[in-house]
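Scroll down for the structure; my scribbles are underneath it.
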Amino acid sequence: MLHLGCHLSISKGFLHIGKEAKSIGADTFQFFTRNPQGGQAKNWAKDDVAAYLDFARENRFVNIVAHAPYTLNPCADNQRTLEFAEMCMQDDLQRLSVLPGAYYNFHPGSHVGQGIEVGVEKTAGLLNKIISKEQKNLVLIETMSGKGSEIGATFEQIAEIINKVKNNDKLGVCLDTCHVFAGGYDIANQPEEVLKHFDEIIGLDRLYAVHLNDSLMPFNSHKDRHAKIGEGEIGAGALVKFVAYSEIVRLPIILETPNDLAGYANEIAFLKNATQRNS
Ligand code: FE
Ligand code: FE
Ligand code: ZN
């Protein structure tokens, strides 16, 4: 059975989000850890978190995904931005510790002209500062499309970051289907080869979550524009085939498609039906 969810807002709390997710047939979800515009994030209400954890247990939710703000650049070229990234990630991980099993997904950053080598080095350096042996929440590096000076668009770069991190048993990867396709991995036509390549370079045991999106932009375009399932260049058939692989079907799969709640409910129902039909 697939574990599906979508990106939701935590503005009304965790129990609310849990119920919202359940109402659309989801057993996982993703949320932003804080307002992307920065500023101090407020602590989550203890009683709400406790009520959510009960609800999630009763409804057999799988691991959920906390997404770091997009505005955070772990390999920036100036100290201030780097310190902000460190502060954010440190604080997010601290707050996340009340949600056991929640993954902390982040974008490895943009090197803004410093070069990929430096970008990889700085991102790994930041991870070495914020990851501790004791922490319970895994940190996931998201695969990127390579727009602008983004790092993390090749499996090699992601593997290099992982190899440079000391406590890398706390590190994993979240594969975004739109990003890898736009980044030059043809999951529309050669999904098996892409997974095999991922396994050789990073290791499929490092893969903990999937962002399931169609891509408005063509293969290898290095542009990041999500489309609804079946309304992009990857296509519904290929995405259905992709989620059904044994390496993927066990993971939390998060939709980040341009949808409202009803639209997400439709996509979740579609994916469940389509994979049941194929199996
Ligand atoms: Fe993302
Ligand atoms: Fe994503
Ligand atoms: Zn994206």
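Suppose we filter SER23, SER9 for residues that are in contact with a strand residue (DSSP E or B) (Cβ under 8 Å, 6 or more places away or on another chain) and open to solvent by 50 Å² or more (accessible area, probe 1.4 Å); which single one remains?
Going through SER23, SER9 in turn, just one is in contact with a strand residue (DSSP E or B) (Cβ under 8 Å, 6 or more places away or on another chain) and open to solvent by 50 Å² or more (accessible area, probe 1.4 Å): SER9.
Could you give every pair whose Cβ atoms fall below 8 Å, whose first residue belongs to segment 70-83 and is within 19 Å of SER145 (Cβ to Cβ), and whose second residue is part of a helix (DSSP H, G or I) and of a type in the set (Val, Ile, Thr), counting only separations of at least 6 or pairs across chains?
ASN73/THR81; PRO74/THR123; CYS75/VAL118; CYS75/VAL120; CYS75/THR123
To keep it simple, each residue is scored yes or no on (1) at negative phi; (2) of a type in the set (Gly, Ala, Ser); (3) buried (at least 20 other Cβ atoms within 10 Å of the Cβ); (4) more than 16 Å from ligand 1 (Cβ to nearest atom).
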{"site": "LEU207", "(1), (2), (3), (4)": "yes, no, yes, no"}
{"site": "PHE219", "(1), (2), (3), (4)": "yes, no, no, yes"}
{"site": "HIS222", "(1), (2), (3), (4)": "no, no, no, no"}
{"site": "GLY237", "(1), (2), (3), (4)": "yes, yes, no, yes"}
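State the number of residues belonging to segment 255-277 that are under 21 Å from the mean Cα position of the chain (by Cα) and among the hydroxyl-bearing types (Ser, Thr, Tyr).
The total comes to 2.
Answer with yes or no whether HIS211 is within 15 Å of ligand 3 (Cβ to nearest atom) and on the phi > 0 side of the Ramachandran plot. Give the derivation first.
Details: within 15 Å of ligand 3 (Cβ to nearest atom): yes; on the phi > 0 side of the Ramachandran plot: no.
It is false that HIS211 is within 15 Å of ligand 3 (Cβ to nearest atom) and on the phi > 0 side of the Ramachandran plot.
I need the full set of residues from segment 45-77 which are part of a loop (DSSP other than H, G, I, E, B) and under 29 Å from GLY125 (Cβ atoms), in order please.
Result: ASN63, ILE64, ALA68, PRO69, TYR70, THR71, LEU72, ASN73, PRO74, CYS75, ALA76, ASP77.
Assuming ILE248 fulfils every condition listed in (1) within 16 Å of ligand 3 (Cβ to nearest atom); (2) within 30 Å of LYS170 (Cβ to Cβ); (3) open to solvent by less than 30 Å² (accessible area, probe 1.4 Å) apart from one, which condition is it?
Among (1) within 16 Å of ligand 3 (Cβ to nearest atom); (2) within 30 Å of LYS170 (Cβ to Cβ); (3) open to solvent by less than 30 Å² (accessible area, probe 1.4 Å), ILE248 violates only (1).
Are any residues in segment 152-161 in contact with a strand residue (DSSP E or B) (Cβ under 7 Å, 6 or more places away or on another chain) and under 14 Å from ALA182 (Cα atoms), and if so, which ones?
GLY152
Just a yes or no: is a residue in segment 132-154 in contact with a Gly (Cβ under 7 Å, 6 or more places away or on another chain), in a helix (DSSP H, G or I), under 19 Å from THR81 (Cβ atoms) and open to solvent by less than 10 Å² (accessible area, probe 1.4 Å)?
Within segment 132-154 (the criterion being in contact with a Gly (Cβ under 7 Å, 6 or more places away or on another chain), in a helix (DSSP H, G or I), under 19 Å from THR81 (Cβ atoms) and open to solvent by less than 10 Å² (accessible area, probe 1.4 Å)), the answer is no, since none of the residues qualifies.
Any residue at all in segment 160-178 that's in a loop (DSSP other than H, G, I, E, B), within 16 Å of ligand 3 (Cβ to nearest atom), within 19 Å of the chain's Cα centre (by Cα) and not basic (Lys, Arg)?
Scanning segment 160-178 turns up no residue that is in a loop (DSSP other than H, G, I, E, B), within 16 Å of ligand 3 (Cβ to nearest atom), within 19 Å of the chain's Cα centre (by Cα) and not basic (Lys, Arg).
Under 7 Å by Cβ, and 6 or more places apart or on different chains, what pairs join a residue from segment 247-266 that is over 10 Å from ALA26 (Cβ atoms) and more than 14 Å from ligand 1 (Cβ to nearest atom) with one that is open to solvent by less than 40 Å² (accessible area, probe 1.4 Å) and in a helix (DSSP H, G or I)?
Taking only residues 6 or more apart or on different chains, the pairs are GLU247/LEU195; GLU247/LEU204; ILE248/PHE242; VAL249/VAL243; ASN259/GLU267.
So which residues in segment 201-214 are part of a helix (DSSP H, G or I) and out of contact with any helix residue (DSSP H, G or I) (no Cβ under 8 Å at 6 or more places or on another chain), if there are any at all? Let's see the steps before the verdict.
So in segment 201-214, the residues part of a helix (DSSP H, G or I) come out as 201, 204-206.
Matches in segment 201-214: ASP205 only.
For segment 179-189, what are the residues that are surrounded by fewer than 21 Cβ atoms within 10 Å (Cβ to Cβ) and in contact with a helix residue (DSSP H, G or I) (Cβ under 9 Å, 6 or more places away or on another chain)? Outline the logic, then answer.
Taking segment 179-189 and keeping what is surrounded by fewer than 21 Cβ atoms within 10 Å (Cβ to Cβ), we get 184, 186, 189.
Listed by number, the residues that qualify are ASP186, ASN189.
Kindly evaluate ASP260 against the criterion of being open to solvent by 50 Å² or more (accessible area, probe 1.4 Å), farther than 30 Å from ILE131 by Cβ and away from ligand 2 (no atom under 14 Å from the Cβ).
Here the answer is yes, as ASP260 does meet what is asked.
The values are calculated or read from the model by the stated rules, or taken from the named source; none is laboratory data. It should be emphasised that the depicted structure is a prediction, and the values quoted were computed from it without experimental measurement. In this analysis, Cβ positions are derived from the backbone assuming ideal geometry, glycine residues included, and neighbour counts consider all displayed protein chains. Surface accessibility is based on the protein's heavy atoms, side chains included, excluding ligands, DNA and RNA. Shrake-Rupley method; radii C 1.70, N 1.55, O 1.52, S 1.80 Å.
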